[in-house]
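First the structure, in the form of structure tokens, and then the observations on it.
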Amino acid sequence: MIWTSARSALCWCFFLGIAGQASADWIARNGNASQTGHVATSFDPNLLQLDWAASLQTRYPVAVADGSVVVSTGSAIYSLDADTGSVQWEVSGASFREPTIAEGNVFVPTGAHSSSCGVTCSEKTYLRSYAADDGAFRFRSAFSSQWSKGWGPVPYAGRVYMNGGYYGGIYSFTTSGASQFSGLAQYSDWAPAIDDDYVYAYVAGYLQVLDRHTLSQVKFIANPDYSWRGYSMNTIPVVTEDGDVLVRYGGRLMSFDIDNEQVRWSRAANFSGQPVYNEGVVYGVEAGAMSAIDKDTGESIWAWELPSESLTDWMLLTDSHLFVQSTSTTYALGLESRRAEWSYPATGLLAFDAGRLYLAGEQILAFSIVPEPAAVSMALLGMTVWLPRRRNRSLE
């Protein structure tokens, strides 16, 4: 049984007001198809309070859209109500990987090896789709893979794109399950970024630019400083508003000039994790501290550190704040004040949608922007409710 709560095994149900402008759905590992990790919203961190907690453990980020929070625990996927954290539906029976939501559908790869066993084996690889509102099975579409741990699918304009291929590559699926495939070098732990025209993948020392509709190769830009570091790329390109592409790999942060098919700049330092971006500024973890870097020049703008410990790899950017994490604490850095304006003693994979911040890890934590008068009056209610019984749905 799963409980949600603000403090214990119950759900404290308060009406929570939302500050700032509405944000887009969190549909990919870094929020959007451009993989910028940016959400167009501003807020007062003094009004950010824990809303609910769900006792689900995951190593994947959540996907959030239309009032639903989709979580993969590996053995099952759950849809949680974004307002309460209660379970709306659940599917089990396969080895589930990282989910996404698009156009009323949940998409999730399952399995790890396309030919390791018969069609009933839980490790057989499929892209599965379920209705976002009730978990009804939509389709499963086979794809080839050889123990790849490719990151989650990326939706864009009626299709979803993902790492796959027995010897490496990328797939494109329609929302009805039809697929296209293009071969790439055999590497795992990466995801593409997408814009109107192209799909971008950084694999084996090259930024590969593919036609979004056909997956045919359009451009192939080398990283002259590339050195082999194993078969896990552990990176995702970031597409800026003017079409430049940012990549972090091997401790370097690079900007690729797509029009001129060259590296615009390369910053040789101890970068880790996934950079985030908005309005000409790239934010990354450099030697354990946060660095804000000019997108056009690669020069430092400002930096922030924890004196006694290093930052970890996950960040999330809004119009007003940058979320960063240590091993034990999540911080909101003010972009104007350039200091920590909020902190919470927990960490997890970050997501943000419709005024809520999510941390996914040992459990799912949801934080909301609470107007001060409402927070006081609703706290006095102290109303607790038992969760509604969840609906189970067997795997089809």
Restricting attention to the range 85-97, does a residue exist that is out of contact with any helix residue (DSSP H, G or I) (no Cβ under 7 Å at 6 or more places or on another chain), basic (Lys, Arg), modelled with pLDDT under 95 and surrounded by 24 or more Cβ atoms within 10 Å (Cβ to Cβ)?
yes
| task | Please tell me if Ser328 is farther than 24 Å from Ala193 by Cβ, among the small types (Gly, Ala, Ser), in a loop (DSSP other than H, G, I, E, B) and out of contact with any helix residue (DSSP H, G or I) (no Cβ under 6 Å at 6 or more places or on another chain). | result | yes
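Residue by residue, here is whether (1) surrounded by fewer than 16 Cβ atoms within 10 Å (Cβ to Cβ); (2) in contact with a Pro (Cβ under 9 Å, 6 or more places away or on another chain); (3) over 17 Å from Thr100 (Cβ atoms); (4) modelled with pLDDT of 90 or more holds:
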site	(1), (2), (3), (4)
Gly168	no, no, yes, no
Ser172	no, no, no, yes
Tyr206	no, no, yes, yes
Met254	no, no, yes, yes
Asp257	yes, no, yes, yes
Looking at this structure, is Glu241 at pLDDT 95 or above, surrounded by fewer than 14 Cβ atoms within 10 Å (Cβ to Cβ) and under 23 Å from Arg339 (Cβ atoms)?
no
Notebook entry, point to check: Taking the stated definitions as given, is Val276 part of a strand (DSSP E or B), surrounded by 16 or more Cβ atoms within 10 Å (Cβ to Cβ) and without any contact (Cβ under 8 Å) to a residue 40 or more places away in the chain?
Noted result: no
Of those in the range 263-292 that are in contact with a strand residue (DSSP E or B) (Cβ under 6 Å, 6 or more places away or on another chain) and charged (D, E, K, R), the residue farthest from Asn234 (Cα to Cα) is Arg264
*asked:* Going by what's in this entry, would Glu305 be described as at pLDDT 95 or above and within 25 Å of the chain's Cα centre (by Cα)?
replied: yes
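The values are calculated or read from the model by the stated rules, or taken from the named source; none is laboratory data. These figures come from a predicted structure and were not determined experimentally. Don't worry about glycine lacking a Cβ; one is built from the backbone with ideal geometry, like all the others, and counts go over all protein chains shown.
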